[in-house]
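Have a look at the structure below before the remarks.
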Amino acid sequence: MAKIKSGVYWVTWANSNAKDSDSIDDLVDPFKTNAKAFIKALQDAGATVSVTNTLRSAKRAYLFHWCWLIGLGKAKASEATAMTGVDIEWDHGKDDDSKKGAKEMIDHFGLAVPPNSTNAPALDSVHISGKAVDMDITWSGTIKIKKKDGSEQSVTFMDNVNKNSKLHDVGATYGVKKLTTDAPHWSINGH
């Protein structure tokens with residue numbers, strides 16, 4: 001079979017053949033139980049939590065990784081590794097065309113890019129093992145969020161969640177740790 005060039009086709013392909021989950025129930029324990037408890041504490045305090053990703057297909061992670069690097073000019077299309085079952089052609093023959101196809105994928109996947117995310121999506125993401133959650137957390141002003149031990153922490157909303165160390169500290173009490181270079185990403189180990 002001939003390889004198909006990078007571009008929006010691969011987003012449609014991934015949505016059918018390499019689906020992601022946005023269900024907390026698809027995570028593995030103890031992380032699943034911890035994430036549920038942290039989210040409940042946030043909601044009980046008045047925050048709105050929107051879970052956008054939990055369990056990720058390895059094929060989808062591969063597409064995320066290379067489109068991000070190539071589309072943002074951080075890798076040449078010729079540097080991309082191959083993956084069995086994903087017959088994508090990253091190299092369109094011209095750097096600008098390769099970059100454009102990859103950028104199309106970034107946009108249609110809705111991937112976080114600098115300044116919100118300064119690291120490429122990982123090839124071996126903890127999302128693949130069910131130990132990470134991407135979520136948007138919002139509220140107004142200052143709220144009191146219960147830590148796992150029942151004590152409360154006052155946390156003021158910040159537009160840049162990566163800098164909200166008080167929120168990170170609360171999450172850590174539940175074993176849900178913030179990756180401070182990727183706005184929506186929380187995991188079992190902060191990676």
Within region 176-189, residues being open to solvent by less than 20 Å² (accessible area, probe 1.4 Å) and either over 26 Å from G150 (Cβ atoms) or over 12 Å from the mean Cα position of the chain (by Cα) (or both) number 2
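Would you mind finding the one in S125, S129, S140 that is open to solvent by 50 Å² or more (accessible area, probe 1.4 Å) and under 21 Å from N53 (Cβ atoms)? Show your work before the answer.
Details: S125 fails: open to solvent by 50 Å² or more (accessible area, probe 1.4 Å); S140 fails: under 21 Å from N53 (Cβ atoms).
Of the residues listed, the single one that is open to solvent by 50 Å² or more (accessible area, probe 1.4 Å) and under 21 Å from N53 (Cβ atoms) is S129.
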Given (1) under 13 Å from A45 (Cα atoms); (2) under 18 Å from the mean Cα position of the chain (by Cα); (3) crowded, with 20+ Cβ neighbours inside 10 Å, where does I145 come up short, assuming only one miss?
-> (2)
Out of (1) free of Cβ contacts under 8 Å to residues at least 60 places away in the same chain; (2) surrounded by 18 or more Cβ atoms within 10 Å (Cβ to Cβ); (3) not basic (K, R), the odd one out for N15 is which?
-> (2)
Pairs with Cβ under 7 Å, 6+ apart, first in region 78-96 and among the β-branched types (V, I, T), second not in a loop (DSSP other than H, G, I, E, B) = V86/K59; V86/Y62; V86/L63; I88/I4; I88/W10
Out of curiosity, is G110 farther than 30 Å from A2 by Cα and either touching a residue at least 24 places away in the same chain (Cβ under 8 Å) or surrounded by fewer than 17 Cβ atoms within 10 Å (Cβ to Cβ) (or both)?
-> no
Among the residues of region 43-72, write down those that are free of Cβ contacts under 8 Å to residues at least 40 places away in the same chain and open to solvent by 50 Å² or more (accessible area, probe 1.4 Å).
-> Q43
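Does K99 qualify as being touching a strand residue (DSSP E or B) at 6+ places or on another chain (Cβ under 7 Å) and of a type in the set (K, R)?
no
The values are calculated or read from the model by the stated rules, or taken from the named source; none is laboratory data. What you see is a predicted model, and the numbers here were worked out from it, not measured in a lab. Every residue, glycine among them, receives a Cβ derived from its backbone with ideal geometry; neighbour counts consider all protein chains shown. The protein model used for the area step is the full one, side chains on, heavy atoms only, and it has no ligands, DNA or RNA in it. Shrake-Rupley method; radii C 1.70, N 1.55, O 1.52, S 1.80 Å.
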